[in-house]
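Undergrad: Below is the structure I would like to discuss, written out as structure tokens.
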Amino acid sequence: MSYLKRNRLFRIAGLVVLLAGLSLWSQMNLSSTVLARPKPKPTPPATATPIPTATPTASATPIPTATPTASATPSPTPTPVPVTGTWQVVPSPAIDVSNSTFGAKLNAVAVVSATDIWAVGFSPQPGGPAYAKQTLIEHWDGTSWRIVPSPNPPSTYSEVELDAVFALAANDVWAVGYGENPSGTVSPADITLVEHWDGISWSIVPSPDPDQAVNQLHSIAGVVSNDLWAVGQRGEGGAACCPYESLIEHWNGTSWSVVPNPGQTALQGVTAVAANDVWAVGTPAAGGGDIIEHWDGTAWSTVAAPIANANGGGISLRAVTAVSATDIWAVGDQENPLVGEGGTHDSVTEHWDGTAWTVVGLALQDSTLYGVTASGPADAWAVDGGGLMQTQHWDGATWSVVSTPDPGTASGLQGVAAVSSRDVWAVGWTNTNGAWTPLIEHFTQA
């Protein structure tokens, strides 16, 4: 090989070595830069929000007198549900009231199922004097209403009526009321009346009469067949001498007994949430306001509640119903001394939220709410027995008036019960030709 060729080859080899070196240096430098760059810190995962532990509630802690204590966390505000159904009159059995002073009336209704519903009240005594009243019990079988035979106390007590009915099962239905001796010639002058349906017939169940004058039961409720409560009044009723006292009786599965309570007025309604959570409401004593009592599993005590409205008118409560321990409604009427001569009685609605009772809703003039029922937190009904048929509905946000048929010159609804939000029954009276006759109405929703 010539000198010239060897020299050219050496140059080419040197150039290759130089290029390789430069490439290696570049990679080493880049690698050093990457290694020297700090690693990004990983984002810590979000910590899950701990679920709050429910505060335990004492199951049988007495409620201090006039100081209500929350027994559970108040329920959330329900979503309003508008009313889309209608009320219609349903025919009831004809009753001859032509020779009666009082006529016939249904005071209460209770539901076992859509085809098993009971209504109670009073009707004239066939062949008896015009003032005589006897028990009236009607039953709905899914097709029609019919009168079911029911017993009465001894004839000495000729003015008899059933004021409330409560159903536990098809063969376990209770009704309560009283019998009155109009002349007052016997003692006691009034006796409590308790009747029971066993699936075959109605029978009278013995109940105490603790007073020598008035002994009346106006409402009944419970949670199981051996734990029932009936409430009413006892005493003379005279403010100067012997005012009414609250009468509370309990059924233990074997017998009825009187249970002490602090009330000094007539109790008109009772509802039971649990064995240790029972509420009773009533009308005011002379010079007082409404009364609300609570059973905590040990004793009855008075719970603070509004006793007068902004105008100074007293409040009377006539019915109560519970959705839950923190969602209870009581209804009645309130005096409004600022309207007209002598004032008026306007509707009133009170609500318990687990902490306190407050007045909520409409004050409709000349309206008295005698019955209330609720199928859920966004569905409650209150019925007007004052003659104007101002039926009210709660949709979860507000109370409103819902049109209800008035088949007579005046009508009123005394009791209401719900099979469901789409199936509600109400009973009462209508004035036809100057006499009361039973009225039954049914709400249905498409």
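Where a number appears in this text, it was derived from the coordinates with a stated rule and is not lab data. Keep in mind that what you see is a predicted model, and the values were worked out from it rather than measured. Neighbour counts run over all protein chains shown; Cβ positions are idealised from the backbone, glycine included.
Undergrad: Using a 10 Å cut-off on Cβ atoms, rank the peptides 159-170, 128-139 from the highest mean neighbour count down.
TA: 159-170, 128-139
Undergrad: Mind listing which GluC sites (Glu not before Pro) in region 335-385 are in a DSSP loop and have 12 or fewer other Cβ atoms within 10 Å?
TA: Glu341
Undergrad: Peptides 320-331, 380-391, 217-228: what's the order by average Cβ count within 10 Å, highest mean first?
TA: Ranking, from highest mean packing down: 380-391, 320-331, 217-228.
Undergrad: Please compute the net charge surrounding Asn107, taking Lys and Arg as +1 and Asp and Glu as -1 over other residues with Cβ under 10 Å from its Cβ.
TA: -1
Undergrad: Next question, about the same structure. So for Thr84, Thr432, fewest C-beta neighbours within 10 Å to most, what's the order?
TA: Least to most surrounded, the residues fall as Thr84, Thr432.
Undergrad: Order these peptides, 304-310, 121-127, 109-115, by their mean beta-carbon neighbour count within 10 angstrom, highest first.
TA: So the order, starting with the most tightly packed, is 121-127, 109-115, 304-310.
Undergrad: If you don't mind, another one. Using 5 Å bins from zero, what percent of all Cα-Cα pairs in region 135-192 falls into each bin?
TA: Histogram of Cα-Cα distances, whole percents per bin: 4, 16, 23, 21, 14, 10, 7, 3, 1.
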